[in-house]
Amino acid sequence: MQLQTPDEVRDFLRLCLAPGLGRKKRSVTQLALIMPDRLATPLTEHARHLAEPRDAVDRAESAATEARAACTEGLRAWIADETTDRKDCG
């Protein structure tokens with residue numbers, strides 16, 4: 001599918017929301033959560049106002065991944081009784 005114009009991107013997104021053929025419809029929230037970069041790139045080219053919020057989501061998800069890893073390591077260390085008085089996992 002071509003995604004070179006705003007209308008082509010909108011049509012594809014509508015298809016993603018309602019794929020038909022007995023497939024379950026998606027909400028816009030679900031679509032935003034699963035949207036691959038190959039679709040997000042043309043979307044933000046045509047809807048530039050979405051680039052900043054998408055970047056903010058990517059940064060927040062990266063920070064959450066890092067915090068989750070620190071929490072997991074803190075939990076591991078605590079279980080092994082290797083901890084000090086540091087705060088790893090709120």
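The values are calculated or read from the model by the stated rules, or taken from the named source; none is laboratory data. These figures come from a predicted structure and were not determined experimentally. When we count neighbours, we look across all protein chains shown, and the Cβ atoms used for this are built from the backbone with ideal geometry, even at glycine. Note: areas computed on protein heavy atoms with side chains; ligands, DNA, RNA excluded. Shrake-Rupley method; radii C 1.70, N 1.55, O 1.52, S 1.80 Å.
Looking at this structure, is residue 18 among the small types (Gly, Ala, Ser) and under 13 Å from the mean Cα position of the chain (by Cα)? Explain how you work it out, then say what you get.
Values: among the small types (Gly, Ala, Ser): yes; under 13 Å from the mean Cα position of the chain (by Cα): no.
The answer is no for residue 18.
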Cβ pairs under 7 Å, 6+ apart, first in the stretch 7-25 and β-branched (Val, Ile, Thr), second open to solvent by less than 50 Å² (accessible area, probe 1.4 Å): 9/3; 9/42; 9/43
Among the residues that make up the stretch 24-41, is at least one of them part of a helix (DSSP H, G or I), over 22 Å from the mean Cα position of the chain (by Cα) and not aromatic (Phe, Trp, Tyr)? no
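Would you say residue 81 is at positive phi and open to solvent by 100 Å² or more (accessible area, probe 1.4 Å)? Steps first, please.
Working: at positive phi: yes; open to solvent by 100 Å² or more (accessible area, probe 1.4 Å): yes.
Yes; evaluated as a whole, the condition is true for this residue.
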Pair list, Cβ < 6 Å and 6+ apart or interchain, from the stretch 36-47 residues that are under 15 Å from residue 14 (Cβ atoms) to residues that are among the aliphatic types (A, V, I, L, M) and in a helix (DSSP H, G or I): 42/9; 43/9; 46/9
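Would it be correct to say that residue 29 is touching a Cys at 6+ places or on another chain (Cβ under 9 Å) and polar (S, T, N, Q)? Working first, answer last.
Values: touching a Cys at 6+ places or on another chain (Cβ under 9 Å): no; polar (S, T, N, Q): yes.
When the stated conditions are applied, residue 29 does not pass them.
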Residue 27 fails exactly one of (1) modelled with pLDDT of 95 or more; (2) open to solvent by 60 Å² or more (accessible area, probe 1.4 Å); (3) of a type outside the set (D, E, K, R), namely (2)
Among 6, 53, 42, which is the only one that is touching a His at 6+ places or on another chain (Cβ under 7 Å) and surrounded by 11 or more Cβ atoms within 10 Å (Cβ to Cβ)? 6
Is there a residue being at pLDDT below 95, on the phi < 0 side of the Ramachandran plot, in contact with a helix residue (DSSP H, G or I) (Cβ under 7 Å, 6 or more places away or on another chain) and assigned to a helix (DSSP H, G or I) anywhere in the stretch 54-76? yes
